[in-house]
Ligand code: SF4
């Protein structure tokens, strides 16, 4: 293999690895059993919130309508200021929910 071909192949492998790593991070979804998620009673579906425990909750309260949601309103999953490195469901909810203004 000549030098320029070798350099090209190394570049392709390095780029592919970087893309895979980025994709993996983007796909990391917050698990409801994650200790921080449990601490904030996070659920991936707002309809599953315990109404007895959270009487002020209603099903219109969604992650994508929360002040801490950091992605587009139309994204099905997105970033939350409280769960760095993980994605939460647009239809999710946690006890820190605050209406976006
Ligand atoms: Fe969803 Fe808001 Fe809780 Fe983040 S803080 S998980 S966006 S409800």
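Throughout, read-outs are computed from the coordinates displayed, never taken from laboratory work. Fair warning: this is a prediction, and the values are worked out from it, not measured in the lab. Glycine gets a Cβ as well: all are built from the backbone with ideal geometry, and neighbour counts include every protein chain shown.
Here the range 72-98 is scanned for amide nitrogen atoms under 16 Å from the site 7 Å beyond the Cα of residue 50 along Cα-to-Cβ, giving 93-96. In whole percents, the pair-distance distribution calculated for the range 24-101 from its alpha-carbon pairs, binned every 10 Å from zero, is 21, 58, 20, 1.
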